[in-house]
Amino acid sequence: MCLAVPMKVMSVKGKRAFANLGGVKREVDISLVKNIKAGDYIIVHAGFAIQKLNKKDALKTLKLFEKMRNETY
Amino acid sequence: MKDDKITLAHGAGGRQTRALIEKIILKYFPDPLLRYLPDSAVVNIPELRKEICFTTDSYVVSPIFFPGGDIGKLAVCGTINDLAVCGAKPLFISCAMIIEEGFSINDFERILKSMSNIARKSGVRIVTGDTKVVDRGKCDKIFINTSGIGMKKNYVCPGLNCIRAGDAIIISGIPGLHELSIMCARGDFHFSVPLKSDCAPVYGLVETILDTSTGIRFMRDPTRGGLAAVLNEIVAGNHFGIRIYEDKIPLTKSVRSFCDIFGFDILNLASEGRVVVVVDQNEAEKVLRVMRKHPLGKRAEIIGNVIKEFPGRVILKTRFGSERFIEMPSGQQLPRIC
Amino acid sequence: MKHIDRFSDPENARILLSMIHSEARGIKKVVNLMEVCGTHTMAISRFGLRGLLPENIKLISGPGCPVCVSPNSFIDKAIAISKLNDVRIATFGDMYRVPSANSSLEKEHSRGAIIDIVYSPLDALEIARNKTREKIVFLGVGFETTAPLVASVIKYAKKYKINNFAVLSGHKLIPPAMEALVKDTHHSIGGFICPGHVSVVIGARPYEIFPKNYGIPCVISGFEPCDILQSILLLLEMITGKRAISVKIQYSRCVTRNGNITAQKMMDDVFDVVDSEWRGIGIIPSSGLAIKKQYAEYNAEHVMNVETKISHDKKGCICGDVLKGLKTPRNCVFFAKKCTPQYPMGPCMVSSEGTCAAYYAYERR
């Protein structure tokens, strides 16, 4: 029960942001997440942002996969 | 059947539609030509010494205007395509319309113009029709039925009984664009999406395919129920199965994103201008090359093949090498939150 | 976002799988890992992950589908409301085909009820704004991912005085259900794959009771194949003792220990925590959300007067056991025979996130 996707914020106007995923765009309510600005990635569920995607952590996880690959080969 | 009323699922082109046809409709229409539920009936008129293909379809799409087309274009293309995939050259079409009182004449003319354009470009003549008007509220703006006649050309096969293990499966382009564009055009979900319907007349592409190779076993256009429905129809009750490869299915970023957001499976979504071709594996590359040269086949891909194992089933090999089944779709595709 | 694709990278998946197999060789028994999120259920089936795991590692599905655990009484109430004059039901697509004992919203739609399928509760509010002569009742279904959104929308309705809008709350909370399962002495849960987006809202803290009081490891997982595989690996490493048993956040790109405080506060502002009936499980204390008194005029329980009869699940339906992870769909005599997505006997089959629906769509032999 968690269908939510990461979308990129194109612009912000008050409590709403215009977000984009692969060309699919929608206005999203951002009142539940603080400090959202254009360029951020947000997790969108049913028309609301529920969190900002932490790019640093995303890259950290990917680096971990990279490390595993290097150790295996 | 346990339903006492027709539901929308009965019209969705998947399992329930098939059940409605097989368990109720065929009871009253037992003609042998209907038994395999072909896209067109191949009618033999001995005096003519030619095989005629005859098909019919009704169009109730909403909204009637959508990115990439309208109900009129859809009505003409749909009937052309049903004839084309049976190896017939579409010749004549009828057009019966049921119009809601209050419908704009401007919109009516837009639709007629669209139908006329496509028919002319496809070399098809609209030669008979009917017009009815019903009270406001008794139909949604306009419903159109088109029936078509085509002349079957002397192609070897194509038919389900020609399919053999090892045959390749080609799709002419990205699946599901029509249904995706309709959902967006409805505006219920307030998304702006750069997708257009793939609605197009495929006779030209089909003719090119059939002229190129004598190894074409079977063709169908994936409409309601999408690629999943067509593949399951091909294997149903047969001694072979199908395996397709997820990474071979042509897609775009927007299509994938839209499906991710709503939880849709692209395999279950309808197209209106695509062809699925089952072809002798030795001819597959040649047919693919020729398809890609055609404007409607630029994104054609070989997506899998017919296999001896799993008779009657369709298997998907995922990107990670795991396998799972693709079933006949059930009911309508509904956007999920879950 | 290009690097999202790397969470589905087959090469990474292959390596994670070989590490899982290696770790599993050190476990001399069968381990059941339970996921409690319908989206995880679907992802596991859609990616064909079950068949790739070692023989002794089993993935079982818990009550992670909010639609599946909505009791008949909730659906019957929604159906009764849909029959009232000048009422439109607005609902997520998931609820449309779920059967109660005698009917479903889909059936009622074919009988004349007005049902709008929406992507967002904001869209339902918009319908209310436009159709002022009708009463719009939104079916509030979902766990902690969705409840804050519905709470926001109720607040908007109050702020902008959109008084022809009401919510029928069927919202439920996941950690109490998880605890109810492990309190059952017959359970065989060796570890939890915790829901990713519920955890975005509630954080990791609510799961800390499981390692602490029950010795059960938990990993909060993302939804891409590599996320799920990495989560399984982390759970196995805790089971073999390589790591201490705790709550781990695999989905660190979205989930923090404290979660989204704003969203949590929004839920607290609008909802009271109440005891709630979970289909197939029974009443779980403090596991549901009811709209607070100060928002009573937006509470469909309060403003719509409908009577519903008590209805029961079809005889022989074992959805309850499936939801608790005690049985799999293959244990059910009706699965894929009498019970299909076309003619579902219980919610696990019809909900697009239901365990039985997932097995039916992707794993039927």
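Here are the numbers for this structure:
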read-out: Hey, A:Asn20 part of a loop (DSSP other than H, G, I, E, B), more than 10 Å from chain C (Cβ to nearest Cβ) and touching a strand residue (DSSP E or B) at 6+ places or on another chain (Cβ under 9 Å) or not; value: no
read-out: Matching residues in segment C:210-228 - criterion: being of a type in the set (D, E, K, R), assigned to a helix (DSSP H, G or I) and in contact with a Ser or Thr (Cβ under 6 Å, 6 or more places away or on another chain); value: C:Asp227
read-out: Among (1) under 12 Å from the mean Cα position of the chain (by Cα); (2) at pLDDT 95 or above - the single one B:Pro222 does not satisfy; value: (2)
read-out: Among the residues listed as B:Ile261, B:Ile244, the single one being assigned to a strand (DSSP E or B), under 26 Å from B:Ser181 (Cα atoms), hydrophobic (A, V, I, L, M, F, W, C) and in contact with a strand residue (DSSP E or B) (Cβ under 6 Å, 6 or more places away or on another chain); value: B:Ile244
read-out: Number of the condition not met by C:Glu126 [criteria: (1) within 11 Å of another protein chain (Cβ to nearest Cβ); (2) under 15 Å from C:Gly170 (Cα atoms); (3) surrounded by fewer than 22 Cβ atoms within 10 Å (Cβ to Cβ); (4) not hydrophobic (A, V, I, L, M, F, W, C)]; value: (2)
read-out: Selected residue [closer than 30 Å to A:Leu3 by Cβ and over 17 Å from the mean Cα position of the chain (by Cα)] from B:Arg217, B:Arg243; value: B:Arg243
read-out: Listing of helices (runs of 4 or more DSSP H) fully contained in segment C:92-194 that carry 1 or more residues being within 20 Å of the chain's Cα centre (by Cα), under 30 Å from C:Leu233 (Cα atoms) and among the acidic types (Asp, Glu); value: C:174-183
read-out: Single condition B:Ile144 does not satisfy, out of (1) assigned by TED's automatic domain parsing to the domain that holds B:Ser94; (2) over 18 Å from the mean Cα position of the chain (by Cα); value: (2)
read-out: Residue among B:Ala270, B:Ala300, B:Ala228 that is in contact with an Asp or Glu (Cβ under 6 Å, 6 or more places away or on another chain), away from chain A (no Cβ under 14 Å), surrounded by 20 or more Cβ atoms within 10 Å (Cβ to Cβ) and over 30 Å from A:Asp29 (Cα atoms); value: B:Ala270
read-out: Unique residue being within 14 Å of another protein chain (Cβ to nearest Cβ) and at pLDDT below 95 when the list is B:Glu246, B:Glu207, B:Glu233; value: B:Glu246
read-out: Segment C:248-286 - residue that is without any contact (Cβ under 8 Å) to a residue 12 or more places away in the chain and under 18 Å from the mean Cα position of the chain (by Cα) and, of those, surrounded by the most Cβ atoms within 10 Å (Cβ to Cβ); value: C:Ile283
read-out: Residue that is over 26 Å from C:Met95 (Cα atoms), touching a residue at least 24 places away in the same chain (Cβ under 8 Å) and at the interface with chain C (Cβ under 8 Å from one of its Cβ atoms), where the choices are A:Lys55, A:Lys60, A:Lys8, A:Lys37; value: A:Lys8
read-out: Subset of segment C:33-47 (residues that are facing chain B (nearest Cβ under 10 Å), outside any helix (DSSP H, G or I) and within 19 Å of C:Val322 (Cα to Cα)); value: C:Cys37
read-out: Test: residue in segment B:269-279 that is of a type outside the set (Lys, Arg), at pLDDT below 95 and under 30 Å from C:Leu52 (Cβ atoms); value: yes
read-out: Odd one out for C:Thr262 among (1) closer than 15 Å to C:Val198 by Cβ; (2) within 13 Å of another protein chain (Cβ to nearest Cβ); value: (1)
read-out: Of all residues in segment C:265-291 being outside any strand (DSSP E or B), in contact with a helix residue (DSSP H, G or I) (Cβ under 6 Å, 6 or more places away or on another chain) and modelled with pLDDT of 95 or more, the one that is farthest from the other protein chains (Cβ to nearest Cβ); value: C:Val270
read-out: The lone exception for B:Arg292 - which of (1) within 14 Å of chain A (Cβ to nearest Cβ); (2) out of contact with any helix residue (DSSP H, G or I) (no Cβ under 9 Å at 6 or more places or on another chain); (3) surrounded by fewer than 18 Cβ atoms within 10 Å (Cβ to Cβ) it fails; value: (1)
read-out: Boolean, C:Leu181 is modelled with pLDDT under 95, away from every other protein chain (no Cβ under 13 Å) and touching a Pro at 6+ places or on another chain (Cβ under 9 Å); value: yes
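Quick grid of which residues meet (1) within 27 Å of A:Lys63 (Cβ to Cβ); (2) within 8 Å of chain B (Cβ to nearest Cβ):
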residue: C:Arg6; (1), (2): yes, no
residue: C:Leu16; (1), (2): yes, no
residue: C:His21; (1), (2): yes, no
residue: C:Val31; (1), (2): no, no
residue: C:Leu49; (1), (2): yes, yes
residue: C:Leu52; (1), (2): yes, yes
residue: C:Asn56; (1), (2): no, no
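The values are calculated or read from the model by the stated rules, or taken from the named source; none is laboratory data. It should be emphasised that the depicted structure is a prediction, and the values quoted were computed from it without experimental measurement. With ideal geometry, Cβ positions are generated from the backbone for all residues, glycine too; neighbour counts draw on all protein chains shown.
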